[in-house]
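**Q** Handing you this structure, nothing more for now.
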Amino acid sequence: MSEDAAPFLELNGISKTYPGVVALDGVSLSVCRGEIVGLIGENGAGKSTLMKVLGGVVEPTAGTIRVDGRDRAAFSVNDAITSGIAFVHQELNLFDNLDVGANVLIGREPLYGGPLRLIDRKAIKRKVQPLLDRLGADFTPDTPVAELSLAQQQLLEIAKALSLDARLVIMDEPTSSLTLTETERLLTVLHELRRDGVSIIFISHRLNEVKACADRVVVLRDGRVVGALDGERIKPEAMIRLMIGRDLKSLYIPPKTAPGAPVLEIEDFRTSAFPDHPVSLTLRRGEILGLAGLIGAGRTELACAAFGIDRPLSGTLRIDGKAAAIAEPRDAIARGLYLVPEDRKRAGLHLEFSLTENISLPDLKSYATGSLISPIAEAGNAEAQRQRLNIKAYDVATEAGTLSGGNQQKIVLAKWLSMKPRVIIFDEPTRGIDVGAKSEIYALMRALADAGVAVLMISSDMEEVIGVSDRMAVMHEGTISGFLERDRFSEHNVLQLAVGKTLN
């Protein structure tokens, strides 16, 4: 970015109020041509509302938007599109029944022929393949979206934005589902776009990635801009201090006592994803065992097999030393083995249900007298869990889908805490959650372990898995490539095992 670069976008004094709520309070933000601006803040800080204003979805109560030197009191969706502003949303917006090319150019398909005007499939491939090549994608325009992994779908969303020849690309948590290699490629693409004069707003809770790509970082808290950092001042600890108004303690909270006897033993498990690779591990009472590895290594498949979602091809699972035949999730639940899934919105919650309904759903019999469920008992337990976990909701009748990611994750956890867990498997427990909520989740995990629960934490976040685990197992292509005690924790050792190498 040149020092004399004129701002492409200027937001001046943007405010947005709802009845009883000030979502934005006089926010001013500028983005120059060919500049990457990191926009960070805890969930509820105002980032989403500000981006909705910029996208024309929400009209500001006060303030102006200036694009290319032209002031606008209001900004429509069409204004955003015609101004060259494109969004890459964290929530995927794809048509599973179409292929990649059709998704990229949906509504803008090249046509040929006479009065009937048919879609030109060859032209779609010519337009879309270079975009996929630019991202280093390992799929083609003909690939059905239903066959893509979550990480591949995220790359597809980015390709859609690039297809618009955008002058400003707004990326909301674009790396949340990407592997390390895909993330590195994306950051390279961002620098290439900046070199070509494209402006970028990069929203992420992964502060090391913000540091790696941003020219400048703007921090929101409680609907206001509370600071900005640039150059050498962009450091995770400085960003956290501005985001939450204080320093965070070290991630690692030592256990109160040494681990106890084995609670969960998995022996020679073979999953359908890796039928030739057996997995064995032991999880002890009162410990947090981190399960690391690259995306696609088989960690989630192992968790789903242990919880009864998928049937293992072979192997034995023991709880408290006794063989447990788990054919479906209800068998695992009956034995105190619970799963907090990777995709909490699709697999962990009913978003249209209230807190009360979500929390009581797995154990309705505990709230029933005969065949009738007691709403008072349900609501009483839900309120106790809301207070215990500090779930920020107006009341327990609030719909889960209206809450932030961190509070939704707490609801998933709350339903299990009501049921005396023996083992809890956390699959990517803090994906899409801000740093303040992350620290609360880590503290809850440690409190569970200190209470005697065995915790298995699957995480692709290197800082998290190193900072939270008492012991670590690393997977590579469907099998455990090694175990690490805490004195051997390092990014180098984890990555060596994750790519299938042995340690000295």
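The values are calculated or read from the model by the stated rules, or taken from the named source; none is laboratory data. What you see is a predicted model, and the numbers here were worked out from it, not measured in a lab. Virtual Cβ from ideal backbone geometry, glycine too; neighbours counted across all protein chains shown.
**Q** Need pairs with beta-carbon distance below 8 Å; first residue on the phi > 0 side of the Ramachandran plot and within segment 11-33, second surrounded by 15 or more Cβ atoms within 10 Å (Cβ to Cβ) and hydroxyl-bearing (S, T, Y); sequence gap 6+ or separate chains.
**A** From residues that are on the phi > 0 side of the Ramachandran plot, the pairs are G13/T64; G26/S15.
**Q** Filter segment 471-498 down to the residues that are basic (K, R) and part of a helix (DSSP H, G or I), then identify the one that is nearest to A303 (Cα to Cα).
**A** Pass one, segment 471-498, residues basic (K, R): 471, 486, 488.
Remaining after also requiring part of a helix (DSSP H, G or I): 486, 488.
Values: R486: 23, R488: 25 Å.
So the residue we want is R486.
**Q** Right, something else. Check I81, I36 and return the single one that is within 16 Å of V169 (Cβ to Cβ), in contact (Cβ under 8 Å) with a residue 60 or more places away in the chain and in contact with a strand residue (DSSP E or B) (Cβ under 7 Å, 6 or more places away or on another chain). Before the answer, list the steps.
**A** Working: I81 fails: in contact with a strand residue (DSSP E or B) (Cβ under 7 Å, 6 or more places away or on another chain).
Exactly one of I81, I36 is within 16 Å of V169 (Cβ to Cβ), in contact (Cβ under 8 Å) with a residue 60 or more places away in the chain and in contact with a strand residue (DSSP E or B) (Cβ under 7 Å, 6 or more places away or on another chain), namely I36.
**Q** Output the residue which, of all residues in segment 386-431 that are more than 18 Å from L351 (Cβ to Cβ) and among the polar types (S, T, N, Q), is surrounded by the fewest Cβ atoms within 10 Å (Cβ to Cβ).
**A** Selected residue: Q387.
**Q** Going through segment 52-88 one residue at a time, which ones are crowded, with 17+ Cβ neighbours inside 10 Å and either closer than 20 Å to A159 by Cα or not assigned by TED's automatic domain parsing to the domain that holds G197 (or both)?
**A** G55, A80, S83, G84, I85, A86, F87, V88
**Q** Can you go through A238, A228, A159, A214 and tell me which one is in the same structural domain as E109 (by TED's automatic domain parsing) and touching a Lys or Arg at 6+ places or on another chain (Cβ under 7 Å)? Steps first, answer last, please.
**A** On the way: A238 fails: touching a Lys or Arg at 6+ places or on another chain (Cβ under 7 Å); A159 fails: touching a Lys or Arg at 6+ places or on another chain (Cβ under 7 Å); A214 fails: touching a Lys or Arg at 6+ places or on another chain (Cβ under 7 Å).
The unique qualifying residue is A228.
**Q** Sticking with this structure for a sec: Collect the residues in segment 31-72 that are under 21 Å from the mean Cα position of the chain (by Cα), at pLDDT 90 or above and not hydrophobic (A, V, I, L, M, F, W, C), keeping them in residue-number order.
**A** The answer is G38, and nothing else.
**Q** How about segment 463-500: which of its residues are of a type in the set (S, T, Y) and closer than 20 Å to T271 by Cα?
**A** We begin by selecting, within segment 463-500, every residue of a type in the set (S, T, Y); these are 469, 479, 481, 490.
The answer is T479, S481.
**Q** Something else now. Could you tell me whether L94 is touching a residue at least 60 places away in the same chain (Cβ under 8 Å), closer than 19 Å to D142 by Cα and out of contact with any Phe, Trp or Tyr (no Cβ under 6 Å at 6 or more places or on another chain)?
**A** Details: touching a residue at least 60 places away in the same chain (Cβ under 8 Å): yes; closer than 19 Å to D142 by Cα: yes; out of contact with any Phe, Trp or Tyr (no Cβ under 6 Å at 6 or more places or on another chain): yes.
In short, yes.
**Q** Of a type outside the set (A, V, I, L, M, F, W, C), surrounded by 17 or more Cβ atoms within 10 Å (Cβ to Cβ) and over 15 Å from the mean Cα position of the chain (by Cα): does that describe R195? It would help to see each step written out before you state the result.
**A** Details: of a type outside the set (A, V, I, L, M, F, W, C): yes; surrounded by 17 or more Cβ atoms within 10 Å (Cβ to Cβ): no; over 15 Å from the mean Cα position of the chain (by Cα): yes.
In short, no.
**Q** Looking at V210, V218, V226, can you tell me which residue is surrounded by fewer than 20 Cβ atoms within 10 Å (Cβ to Cβ) and aliphatic (A, V, I, L, M)?
**A** From the options V210, V218, V226, the qualifying one is V226.
**Q** Related question: In segment 1-16, what count of residues is obtained for those that are among the hydroxyl-bearing types (S, T, Y) and either modelled with pLDDT under 90 or not assigned by TED's automatic domain parsing to the domain that holds H191 (or both)?
**A** 1
**Q** Here's something else I'd like to know. Please tell me if D165 is more than 28 Å from M51 (Cα to Cα), among the acidic types (D, E) and assigned by TED's automatic domain parsing to the domain that holds K47.
**A** Values: more than 28 Å from M51 (Cα to Cα): no; among the acidic types (D, E): yes; assigned by TED's automatic domain parsing to the domain that holds K47: yes.
Answer is no for this residue.
**Q** May I ask you to list the residues in segment 159-184 that are of a type in the set (A, V, I, L, M) and in contact with a strand residue (DSSP E or B) (Cβ under 7 Å, 6 or more places away or on another chain)? Walk me through how you get there before you give the answer.
**A** First, the residues of segment 159-184 that are of a type in the set (A, V, I, L, M): 159, 161-162, 164, 166, 168-171, 178, 180.
If the condition is that a residue be of a type in the set (A, V, I, L, M) and in contact with a strand residue (DSSP E or B) (Cβ under 7 Å, 6 or more places away or on another chain), then A161, L164, A166, L168, V169, I170, M171 are the ones that fit.
**Q** Right, another one. So which residues in segment 332-347 are in contact with a Lys or Arg (Cβ under 9 Å, 6 or more places away or on another chain) and not in a loop (DSSP other than H, G, I, E, B)? Lay out the reasoning, then the answer.
**A** Within segment 332-347, the subset in contact with a Lys or Arg (Cβ under 9 Å, 6 or more places away or on another chain) is 335-338, 342-344.
Of everything in segment 332-347, those that are in contact with a Lys or Arg (Cβ under 9 Å, 6 or more places away or on another chain) and not in a loop (DSSP other than H, G, I, E, B) turn out to be L337, Y338, R344.
**Q** Got at least one residue in segment 429-439 being assigned to a loop (DSSP other than H, G, I, E, B), in contact with a strand residue (DSSP E or B) (Cβ under 9 Å, 6 or more places away or on another chain) and assigned by TED's automatic domain parsing to the domain that holds A303? First the steps, then the outcome.
**A** As a first pass, look at segment 429-439 and keep what is assigned to a loop (DSSP other than H, G, I, E, B): 429-434.
From the residues that got through so far, the ones that are in contact with a strand residue (DSSP E or B) (Cβ under 9 Å, 6 or more places away or on another chain) too are 429, 434.
Filter once more, keeping what is assigned by TED's automatic domain parsing to the domain that holds A303: 429, 434.
Yes; the residues of segment 429-439 include at least one that is assigned to a loop (DSSP other than H, G, I, E, B), in contact with a strand residue (DSSP E or B) (Cβ under 9 Å, 6 or more places away or on another chain) and assigned by TED's automatic domain parsing to the domain that holds A303.
**Q** Based on what the data block shows, is D142 crowded, with 18+ Cβ neighbours inside 10 Å, of a type outside the set (F, W, Y) and touching a residue at least 24 places away in the same chain (Cβ under 8 Å)?
**A** Working: crowded, with 18+ Cβ neighbours inside 10 Å: no; of a type outside the set (F, W, Y): yes; touching a residue at least 24 places away in the same chain (Cβ under 8 Å): yes.
No: the conditions fail for D142.
**Q** Quick one: which strands (runs of 3 or more DSSP E) sit completely within segment 248-331 and have at least 1 residues that are of a type in the set (V, I, T) and farther than 12 Å from I425 by Cβ?
**A** The strands (runs of 3 or more DSSP E) meeting that bar are 262-271, 274-284, 314-319.
**Q** Quick check on Q129: is it more than 17 Å from S163 (Cα to Cα) and crowded, with 16+ Cβ neighbours inside 10 Å? Lay out the reasoning, then the answer.
**A** Values: more than 17 Å from S163 (Cα to Cα): no; crowded, with 16+ Cβ neighbours inside 10 Å: yes.
So Q129 fails the test.
Condition check ((1) farther than 20 Å from M445 by Cβ; (2) assigned by TED's automatic domain parsing to the domain that holds L456; (3) more than 25 Å from the chain's Cα centre (by Cα)) across all residues:
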position: I373; (1), (2), (3): yes, no, yes
position: I376; (1), (2), (3): yes, no, yes
position: A384; (1), (2), (3): no, no, yes
position: I391; (1), (2), (3): no, no, no
position: Y394; (1), (2), (3): yes, no, no
position: G401; (1), (2), (3): yes, no, no
position: S404; (1), (2), (3): no, no, no
position: N407; (1), (2), (3): no, no, no
position: K415; (1), (2), (3): no, no, no
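**Q** Among the numbered criteria (1) surrounded by 21 or more Cβ atoms within 10 Å (Cβ to Cβ); (2) modelled with pLDDT under 90; (3) among the hydrophobic types (A, V, I, L, M, F, W, C), which one does V453 miss?
**A** (2)
**Q** Are any residues in segment 356-372 farther than 22 Å from G336 by Cβ, in a strand (DSSP E or B) and not polar (S, T, N, Q), and if so, which ones?
**A** Applying the first criterion (farther than 22 Å from G336 by Cβ) to segment 356-372 yields 356-357, 369-372.
Those still in the list that are in a strand (DSSP E or B) too: 369, 372.
Passing the criteria: only L372.
**Q** Looking at segment 481-504, which of the residues that are among the aliphatic types (A, V, I, L, M) and modelled with pLDDT under 95 is surrounded by the most Cβ atoms within 10 Å (Cβ to Cβ)?
**A** Ranking the candidates gives L497 first.
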